[in-house]
Amino acid sequence: MLWIYYAFLKPDTTLLITINSVGFFIQTIYICFYLFYAPKSSRLQTVMLLLLLNVFSLGLIVVLTQFLAEGSTRADIVGWICLVFSLCVFVAPLGVVRQVIRTKSVEYMPFPLSFFLTLSAVMWFFYGLLRKDYNIAIPNVLGFSFGVLQMVLYIIYKNAKKVVEEKIPMENHNNLPELKEQIIDVVKLSAVVCPEITPVVPRLVDDHALILDVEKTPAQNWTLKTSTSKHPTN
């Protein structure tokens with residue numbers, strides 16, 4: 001909204017008015033979705049921030065610049081205010097960058113968002129440079145730097161995650177023989193302690209699948225023979 005106000009104070013700023021009007025509309029939809037699904041406490045906090053920043057602060061800036069400044073001075077003051085808020089917008093993703101480094105996961109930092117923000121920063125930098133409007137050009141230098149940083153971190157931690165995912169199955173495959181021996185030892189021990197329990201012996205198939213075979217103990221075979229001899233068939 002500040003950029004729209006700034007654009008109305010400068011000549012030949014149709015592109016600036018258009019892009020920021022579309023952005024205002026899309027961001028309003030995002031905020032409506034958030035307010036609809038957010039918990040009650042978060043919803044109230046967001047409404048208070050919207051009233052403070054988008055209504056009170058913006059209204060105060062408009063009133064003060066209209067009554068206390070004139071001509072190009074008014075545009076310069078609003079431009080510097082827009083520059084500061086644009087820097088805040090580009091600095092805000094540092095929280096996500098910190099989380100990516102701490103968790104070593106890029107789950108909360110999608111690559112397309114970082115890529116198109118960086119591309120947008122480059123385009124708006126050259127637009128501001130060609131128009132000699134440094135209020136537009138300067139913030140996008142910082143936006144480009146942070147965008148490149150985010151993409152580099154994404155590539156690093158995405159590749160690291162892929163290496164870990166490929167390494168885990170190999171480690172599990174190498175541990176299968178040792179796991180089989182441990183299971184067999186447990187089965188043999190259970191057969192000695194509790195002979196009435198039918199042990200199940202695992203065996204490897206194709207070096208990676210465990211098949212469970214039923215194996216009767218000598219005590220169970222003797223019991224089976226005794227019961228058969230007591231009840232002969234006709």
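The values are calculated or read from the model by the stated rules, or taken from the named source; none is laboratory data. Note that the structure is predicted; figures quoted are calculated from it, not measured. Cβ placement follows ideal geometry from the backbone for every residue including glycine, while neighbour counts extend to all protein chains displayed. Heads up: the accessible areas ignore ligands, DNA and RNA and are worked out on the full protein's heavy atoms, side chains in. Shrake-Rupley method; radii C 1.70, N 1.55, O 1.52, S 1.80 Å.
With a Förster radius of 45 Å, plug the Cβ-Cβ distance of Ile17 and Asn159 into 1/(1 + (r/R0)^6) and report the FRET value to the nearest 0.05.
0.60
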Please give the length that would be gained between Asp76 and Leu142 if that part of the chain were fully extended, namely 0.36 nm times their separation in residues minus their C-alpha to C-alpha distance (nm, one decimal). 21.7 nm
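Report, to two decimal places, the Cα Rg of the stretch 1-146 normalised by 2.2 N^0.38 Å (N = number of residues).
Working: Rg = 17.1 Å, N = 146, 2.2 N^0.38 = 14.6 Å.
After normalising by residue count via 2.2 N^0.38 Å, the value is 1.17.
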Enter the per residue convex hull volume of the stretch 99-152, computed from alpha-carbon coordinates, in Å³ rounded to the nearest integer. 63
Could you tell me, in Å, what Rg and Dmax come out for the Cα atoms of the stretch 72-125? 15.0, 48
Give the separation of the Cα centroids, the stretch 25-77 to the stretch 89-129, in Å. 23
All Cα pairs of the stretch 1-82, percent lying beyond 19 Å: 48
Which order, highest average first, do 93-101, 113-121 follow once you tally other Cβ atoms within 10 Å for each residue and take the mean per peptide? 113-121, 93-101
Among 17-24, 44-51, the order from most to least packed when residues are scored by Cβ within 10 Å on average: 17-24, 44-51
Apportionment of accessible area to carbon and sulfur, the stretch 1-76, percent (1.4 Å): 73
Test of understanding: what is the full-extension gain from Val91 to Leu119, defined as 0.36 nm times their sequence separation minus their Cα-Cα distance? 8.4 nm
